[in-house]
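See structure below.
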Amino acid sequence: MSTLSVYRLKQWLKEGKSPLASRLFQIAKSIRFFELPTPRPINALFYGLHKTITTQWQAFTHLVFYVPAFKGRLDAYGKRILLYGGLPFFSGPLTMTIGDDCRISGQTTFSGRTNSENPTLTVGNNVDICWQTTIAVGNRIVIGDNVRIAGQGFLCGYPGHPIDPTERALGKADLDSQVGNIILEKDVWLGSRVSIIGNVTVGEGTIVASGSVVTKSLPPFVLAGGNPAKIIKPLAINHSETIKEEMYYEA
């Protein structure tokens, strides 16, 4: 039976006015939504079994496949790398090094600008790079120790396209003047969906609120937010005490 015939049959079952079409449609729905009358303990057992199998499988593939494959793409790496959710995507030429105790989502994208001489990404120790983060390296991006990048972060070292619409329509590459370096000093925390545009340094210990777009450098130990991001207030840092701040950014 052709695809068109199947489509017409479905339309006749759903919209047909005859008693036969209505009856067949009800039977098809009953079959589609059929459920086994399993009691709650059995459902809980199946869910526990599913979690056990998937957790063990993820641990196994992480150990024997994903981490070795990830290391195979790096130029240098430290100890105790943790990947979760698979293997990050790489595109373009990129020299990448990471330190010890880094945790990186498998849904992260790392890219290097093709027209740059040697795009380099340097990641320090104890760094978190969460899911769906994109790091596009124009010339150089440095991520310092203890940096936290929450989900859907975007470090934009190069735009990928020229500003001129005619050149863009012709598929030409971006210009060198559009490329910039990004430096995140140690202990920086970027909230969810933060974008950092090239030629920006975010100072030590600074926190950037969720959804912000950083287009200019930020000093150390401030809370910044907005589009474009601006300083909201300084952070009173006392390294001998626990810092408690009520903030509206997301982890």
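The values are calculated or read from the model by the stated rules, or taken from the named source; none is laboratory data. Just so it is clear, the model here is predicted, and its values are computed rather than measured. Every residue, glycine as well, gets a Cβ built from its backbone with ideal geometry; the counts of neighbours run over all protein chains shown. Keep in mind that these areas ignore ligands, DNA and RNA; they rest on the heavy atoms of the full protein, side chains included. Shrake-Rupley method; radii C 1.70, N 1.55, O 1.52, S 1.80 Å.
Below is a table of values for the structure above.
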quantity	calculated
Hits in the range 45-72 (condition: out of contact with any strand residue (DSSP E or B) (no Cβ under 7 Å at 6 or more places or on another chain) and open to solvent by less than 60 Å² (accessible area, probe 1.4 Å))	GLY48, THR54, ALA59, THR61, ALA69
Residue check for VAL202: under 23 Å from the mean Cα position of the chain (by Cα), at pLDDT 95 or above and open to solvent by less than 10 Å² (accessible area, probe 1.4 Å)	yes
Index of the failed condition, LEU83 passing every other in (1) modelled with pLDDT of 95 or more; (2) open to solvent by less than 40 Å² (accessible area, probe 1.4 Å); (3) in contact with a helix residue (DSSP H, G or I) (Cβ under 6 Å, 6 or more places away or on another chain)	(1)
Residue in the range 156-193 that is least open to solvent (accessible area, probe 1.4 Å), counting only those that are aliphatic (A, V, I, L, M) and over 22 Å from ASN139 (Cβ atoms)	ALA169
Helices (runs of 4 or more DSSP H) contained entirely in the range 1-109, each with at least 3 residues that are more than 24 Å from the chain's Cα centre (by Cα)	3-15, 19-32, 40-61
Qualifying positions in the range 87-102 - open to solvent by 50 Å² or more (accessible area, probe 1.4 Å) and touching a Pro at 6+ places or on another chain (Cβ under 9 Å)	PRO93
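Per-residue answers, yes or no, for (1) among the hydrophobic types (A, V, I, L, M, F, W, C); (2) modelled with pLDDT of 75 or more; (3) open to solvent by 100 Å² or more (accessible area, probe 1.4 Å):
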| site | (1), (2), (3) |
| --- | --- |
| GLN11 | no, yes, no |
| LYS14 | no, no, yes |
| SER22 | no, yes, no |
| ALA28 | yes, yes, no |
| ARG40 | no, yes, yes |
